[in-house]
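Data block below; observations after.
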Amino acid sequence: MSFRAKIILALVVMNAIFLTVITGTTLQFFAHNGYERLRAHARTDARLLASAAVTGILTHDVGGLQAVVDEILTNPDIGFVRVLDRSGRVLAQGGARQALARPFHEGTMRRSGRSRYFEVDQPVIVAGVRYGTVELGLSVRPLRHRLAEGRLRMTTVALVELLLALLFAFYFGSYLGRRLKVLEDAASKVGEGQLGYQVMVRGRDEISRTLRAFNAMSLRLREASDERQRQDGALKELAATLERRVAQRTQELADANQALQKLALHDPLTGLPNRALFEQELGRLLMESRRTQECFAVMILDLNGFKAINDSRGHDAGDRLLRAVGQRLQGAVRASDVVARFGGDEFALLLPALRGGGAAIAVIAEKVARAVAQPLALGLENVEISASIGVAVFPEDGVDMLLLIRRADAAMYWAKRHAAGFQVYDPMIDVQAAEPDAMPPHERRIHAAMANGEFLLHYQPIVSLIDGAVVAVEALARWEDPERGLISPADFMPTIERSRLMTEFTLHVLDRALDDRVLWAADHPSLPIAINISALDLQDDGFVQRVRDRLAQAGPARLVFELTEGALVSNPDQAASVMEALRDAGIPAALDDYGTGYASIAYLRTLPFDRVKIDRSLIAVIDTNVNEREIVRAIIDVCHCLGYGVVAEGVEHDGLQEILRALHCDYAQGYGIARPMPAAALCDWLAWRAPAGARDEVSLE
């Protein structure tokens with residue numbers, strides 16, 4: 001139904017209701033007034049009749065009474081008359097017989113045939129004595145006739161008024177509909193995009209004011225649209241500029257990241273992969289070869305006589321020689337082989353998909369040796385140099401990374417001592433090398449340092465991110481060389497990890513930690529000590545028992561052994577077995593440096609860890625790199641789902657702690673909390689951190 005029709009219908013209905021109410025009320029008023037006048041007239045006629053009938057009643061003049069009655073009945077409005085004596089006997093009567101035949105009821109309106117009468121009586125009283133009664137019935141026909149005429153007139157007037165109201169409603173609805181249609185059409189045009197569209201307005205009524213307001217709104221919309229278009233144009237230009245700058249910056253960052261990756265994973269002198277990249281490739285090849293059972297070889301190469309050339313001709317000549325050797329090695333092997341420089345004059349080669357056994361290895365080793373031995377022009381002279389090469393083969397000589405490198409290294413030292421050119425690993429090499437005099441010089445130096453007590457432990461606290469409680473301390477080895485001073489672990493740990501001394505060194509660290517623990521045991525008896533162990537420790541069948549023996553000798557102590565991801569990749573089954581044995585001995589295990597590229601979620605599901613330590617390289621950038629932050633969040637969520645506690649390494653400032661709390665990380669460790677410190681300094685720090693035993697240690701388990 002249209003708006004115009006609704007207005008017309010509403011006006012007609014309201015007018016009809018109003019006219020009905022007014023007409024009904026008026027007719028009711030007239031009817032009531034007519035009946036009241038009829039009642040008064042009947043009373044008056046009855047009193048007149050009573051006065052006229054006094055003499056007849058007193059004298060019992062029936063004929064005179066009848067004459068009075070007949071005279072009164074000449075009034076057409078009087079329907080019947082009856083005169084009664086004191087005893088109720090009828091003296092005279094006349095009029096409608098049916099009415100006279102019925103009992104009389106004072107003050108009522110009764111129907112008699114087709115007529116309706118209003119009945120009244122009037123007593124005849126003389127000197128206070130009642131001598132009779134006059135009964136009279138007044139016809140209501142004249143009144144009804146007048147009321148019917150009044151209803152007809154009122155109905156006619158109401159119908160005329162209703163017709164006029166209908167015409168007015170139709171006109172007003174049409175007028176209002178036309179005005180609103182103008183507004184509707186204008187709104188449609190604005191909605192279609194004709195911003196600023198104007199409506200012609202005449203008059204000052206409400207609709208005119210509404211149309212003027214619409215015109216003003218339409219103009220404001222056009223102005224706002226124009227302004228928005230100008231802003232959109234500016235924003236698009238700004239976005240394009242930002243996009244170009246971001247693309248440029250992204251490319252610069254990608255180039256810088258690529259350069260940093262190359263710097264981190266390549267040797268800056270030769271451009272060859274460094275030890276870190278070599279071990280990554282070796283770890284990847286190990287996982288692939290365990291699945292395919294394909295043979296590959298690790299080759300360690302050391303230059304003979306390089307030190308003499310470097311000392312006599314200078315470092316520039318030595319650098320030129322190393323670069324030339326790197327190029328020759330790359331030219332001597334396949335494109336799929338990996339050539340790396342470990343440092344100094346030591347190189348390593350990774351030879352995947354090796355077929356042909358020992359004969360193939362000999363061919364490759366001789367080809368490499370010939371390439372190195374080619375004369376090289378250094379200044380005005382040609383120099384010649386040779387190489388000692390050691391080879392370890394997967395899976396015959398080892399099934400994990402460190403063992404293969406160590407055995408290839410051992411074979412290389414055997415070849416160097418015996419001037420054999422190259423040597424494939426043989427178990428007899430380890431037997432012969434067991435004598436201290438047979439150790440390489442750097443291994444003998446480390447062995448002597450352990451015997452002389454030159455290795456010290458510094459301890460770095462691990463704290464809860466919930467309440468700041470100290471939950472553990474990690475033991476970190478430092479070498480205090482009498483000649484060179486304090487040596488960083490980065491300078492001696494790679495050598496130890498490649499040698500036969502790894503397990504001996506781990507147990508040496510354990511002994512020192514148990515000795516140092518005495519300093520704080522009285523105040524912090526339940527504070528765990530975290531000690532790092534390597535893949536070689538896991539390969540030692542007697543390692544767990546030797547740990548048990550030391551704990552039995554030193555007394556109760558809480559330990560946590562931390563394993564790197566590389567140790568898991570080397571031999572996950574062996575790692576799981578040793579970890580279970582350590583857990584049975586009351587020593588939980590932690591996965592150290594998680595996120596550096598080796599371990600997958602599968603290791604987290606299958607190996608019996610109690611906590612996971614996220615590598616500092618991920619933690620260091622979570623305050624500036626959203627992607628790295630989400631990676632850390634995902635690692636924390638996965639670890640919590642598996643029931644592991646999570647430690648963040650490398651927390652350097654309070655801002656990182658706040659972010660880690662928001663990510664629901666459990667514990668933190670780093671320079672922002674405390675630097676590694678000697679045992680005595682740790683005791684002072686613990687006393688400052690929780691004076692008078694105000695805070696108990698909280699377990700990491």
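The values are calculated or read from the model by the stated rules, or taken from the named source; none is laboratory data. Source: prediction; values computed, not measured. Cβ: placed from backbone, ideal geometry, glycine included. Neighbour counts: every protein chain shown.
Within segment 327-339, restricting attention to residues that are charged (D, E, K, R) and surrounded by 16 or more Cβ atoms within 10 Å (Cβ to Cβ), the residue that is farthest from Gly271 (Cα to Cα) is Asp337. Of all residues in segment 445-479, those being surrounded by 14 or more Cβ atoms within 10 Å (Cβ to Cβ) and assigned to a helix (DSSP H, G or I) number 5.
Here the condition is being farther than 30 Å from Ser464 by Cβ and among the hydroxyl-bearing types (Ser, Thr, Tyr); of Ser577, Ser534, it holds for Ser577 alone. Residues in segment 383-396 that are surrounded by fewer than 22 Cβ atoms within 10 Å (Cβ to Cβ) and touching a strand residue (DSSP E or B) at 6+ places or on another chain (Cβ under 8 Å): Val383, Glu384, Ile385, Ser386.
Within segment 411-427, the residues that satisfy the criterion of being exposed (fewer than 14 other Cβ atoms within 10 Å of the Cβ) and not aliphatic (A, V, I, L, M) are His418, Pro427. Residues in segment 154-182 that are loosely packed, with under 13 Cβ neighbours inside 10 Å and of a type in the set (D, E, K, R): Arg178 only.
The helices (runs of 4 or more DSSP H) found entirely in segment 487-540 that carry 3 or more residues being modelled with pLDDT under 85 and either touching a helix residue (DSSP H, G or I) at 6+ places or on another chain (Cβ under 8 Å) or in the same structural domain as Asp409 (by TED's automatic domain parsing) (or both) are 489-497, 535-539. Out of all the residues in segment 188-198, is one or more exposed (fewer than 13 other Cβ atoms within 10 Å of the Cβ), over 30 Å from Ile7 (Cβ atoms) and at pLDDT below 85? Scanning segment 188-198, I find at least one residue that is exposed (fewer than 13 other Cβ atoms within 10 Å of the Cβ), over 30 Å from Ile7 (Cβ atoms) and at pLDDT below 85, so the answer is yes. For segment 364-378, the set of residues classified as surrounded by 11 or more Cβ atoms within 10 Å (Cβ to Cβ) and of a type outside the set (D, E, K, R) consists of Ile364, Ala365, Val368, Ala369, Ala371, Val372, Ala373, Gln374, Leu376, Leu378, listed by residue number.
Would you point out the residue of segment 547-585, among those that are under 21 Å from Ile619 (Cα atoms) and at pLDDT below 90, that is surrounded by the most Cβ atoms within 10 Å (Cβ to Cβ)?
Leu563
Against the numbered list (1) at pLDDT 80 or above; (2) more than 23 Å from Ala360 (Cβ to Cβ); (3) assigned to a helix (DSSP H, G or I); (4) out of contact with any strand residue (DSSP E or B) (no Cβ under 6 Å at 6 or more places or on another chain), Arg245 comes up short only at (1).
For Ala256, the conditions (1) at pLDDT 85 or above; (2) under 30 Å from Leu329 (Cα atoms) all hold with the exception of (1).
The condition of being assigned by TED's automatic domain parsing to the domain that holds Pro375, of a type in the set (Gly, Ala, Ser) and over 21 Å from Asp426 (Cα atoms) holds for Gly326. Taking the criterion of being within 26 Å of Arg548 (Cα to Cα) and crowded, with 20+ Cβ neighbours inside 10 Å, the only residue of segment 480-496 that qualifies is Ile496. Reported count of residues in segment 316-350, each being within 19 Å of Gly283 (Cβ to Cβ) and of a type in the set (A, V, I, L, M), is 6. Among the residues of segment 381-414, those identified as charged (D, E, K, R) and either within 51 Å of the chain's Cα centre (by Cα) or closer than 20 Å to Ser534 by Cα (or both) are Asp397, Asp400, Arg406, Arg407, Asp409.
What number of residues in segment 353-363 are part of a helix (DSSP H, G or I), among the aliphatic types (A, V, I, L, M) and either crowded, with 19+ Cβ neighbours inside 10 Å or at positive phi (or both)?
Of the residues in segment 353-363, the ones part of a helix (DSSP H, G or I) are 357-363.
The next check asks that each one be among the aliphatic types (A, V, I, L, M); those that pass are 359-363.
The next check asks that each one be either crowded, with 19+ Cβ neighbours inside 10 Å or at positive phi (or both); those that pass are 361.
Residues that pass the stated criteria total 1.
Filtering segment 305-326 for residues that are of a type in the set (S, T, N, Q), surrounded by fewer than 19 Cβ atoms within 10 Å (Cβ to Cβ) and in contact (Cβ under 8 Å) with a residue 24 or more places away in the chain leaves an empty set.
Identify, from the list Val120, Val124, the residue that is in contact with a Phe, Trp or Tyr (Cβ under 9 Å, 6 or more places away or on another chain) and either exposed (fewer than 15 other Cβ atoms within 10 Å of the Cβ) or closer than 29 Å to Asp85 by Cβ (or both). Selected residue: Val124, the only one of Val120, Val124 that is in contact with a Phe, Trp or Tyr (Cβ under 9 Å, 6 or more places away or on another chain) and either exposed (fewer than 15 other Cβ atoms within 10 Å of the Cβ) or closer than 29 Å to Asp85 by Cβ (or both).
When residues in segment 49-75 are screened for being without any contact (Cβ under 8 Å) to a residue 24 or more places away in the chain and either part of a helix (DSSP H, G or I) or in contact with a Phe, Trp or Tyr (Cβ under 7 Å, 6 or more places away or on another chain) (or both), 8 of them pass. Pairs under 6 Å by beta carbon, first residue over 19 Å from Ser208 (Cβ atoms) in segment 177-196, partner part of a helix (DSSP H, G or I), six or more apart or different chains? Between residues of segment 177-196 that are over 19 Å from Ser208 (Cβ atoms) and residues that are part of a helix (DSSP H, G or I), the close pairs are Leu195/Leu221; Leu195/Arg222; Leu195/Ser225; Gly196/Ser218; Gly196/Leu219; Gly196/Arg222.
Taken as a whole, the structure leaves Ser225 outside the set of residues that are small (Gly, Ala, Ser), in contact with a helix residue (DSSP H, G or I) (Cβ under 9 Å, 6 or more places away or on another chain) and free of Cβ contacts under 8 Å to residues at least 60 places away in the same chain. Within segment 203-259, if we keep just the residues that are of a type in the set (S, T, N, Q) and over 30 Å from Arg179 (Cα atoms), the residue that is farthest from the chain's Cα centre (by Cα) turns out to be Gln229.
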